[in-house]
Amino acid sequence: MVKRPTPPSSVPPKPASRTDAQRGSAASPTHRPVDVRAWLAGSRLSGFTAIMLGLVVIAVFVLVPTVSTYVGQRQQIAALQQSVRVTQNEIDALERQRARWDDPAYITTQARERLYFTNPGEVVYLVDDDLPDTDIPQEKAPVSDEVEAAHTDWMSQLVRSVAQAGLAKTAVPAAGDSTPTPAPTSSSSSSPTPSR
């Protein structure tokens, strides 16, 4: 049987020897050197402690993927709930727009503004250039009669244009995007207006 060494705290202090007295205050009786080997040998792991540490490690390996899956699913649920709220807002807006189209006065107004429809006997006047002077585009410089050669590298411009077109975001809205209806604009041509 192996005899266990006692921890340093239970070792009785040695009687002071002459060498300690001769040293004086170099080594005080309260600061004794600690025997590390004896202390480590006294703190052995028991079988129960090893089993418990093993169970903790196994629990960590089992719970970490489960917790990460749970957190990921909660984030996905939150994203889907936000998507449902956005879609519900779009549905509400479309239902309000459909309710407006059930009103005959709204239909008449839209036909007059967008399609320039008139009631029988009405005369519609379209005003050309009704912009204020500050909003009218200024005249450009006159075009010269001489042909000038452009000093550009057309091949690099073509490659750059194709690359930019490939990297650009789509210009056509997706099928689910709601597009606002265009506002009526005044026509600059003097074409006849349709009437009903």
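The values are calculated or read from the model by the stated rules, or taken from the named source; none is laboratory data. Since we're looking at a predicted model, the values are computed, not measured. When we count neighbours, we look across all protein chains shown, and the Cβ atoms used for this are built from the backbone with ideal geometry, even at glycine.
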Review point. How many residues are surrounded by 10 or more Cβ atoms within 10 Å (Cβ to Cβ), out of contact with any helix residue (DSSP H, G or I) (no Cβ under 8 Å at 6 or more places or on another chain) and either in contact (Cβ under 8 Å) with a residue 12 or more places away in the chain or not small (G, A, S) (or both) if we restrict to region 97-107?
Key: 2
Exercise for review: Please identify the pairs in which a residue from region 114-125 that is surrounded by 10 or more Cβ atoms within 10 Å (Cβ to Cβ) has its Cβ atom under 7 Å from the Cβ atom of a residue that is of a type in the set (S, T, N, Q) and part of a loop (DSSP other than H, G, I, E, B), counting only partners at least 6 apart or on another chain.
Suggested key: Y116/T193; F117/S195; T118/T193; T118/S195; V124/T118; V124/T193
**Study point:** Subset tally (residues that are modelled with pLDDT under 85, surrounded by 10 or more Cβ atoms within 10 Å (Cβ to Cβ) and of a type in the set (S, T, N, Q)) for region 35-89
**Key:** 1
Check your understanding: Does S28 meet the test of being outside any helix (DSSP H, G or I) and at pLDDT below 85?
Key -> yes
Practice item. Being of a type in the set (S, T, Y) and over 30 Å from A105 (Cβ atoms) is the filter here, so list the residues in region 118-169 that pass it. Key: T134, S144, T152, S156, S161
Revision key, fill the gap. For G121, the lone unmet condition from (1) of a type outside the set (V, I, T); (2) modelled with pLDDT of 80 or more; (3) not in a loop (DSSP other than H, G, I, E, B) is (3)
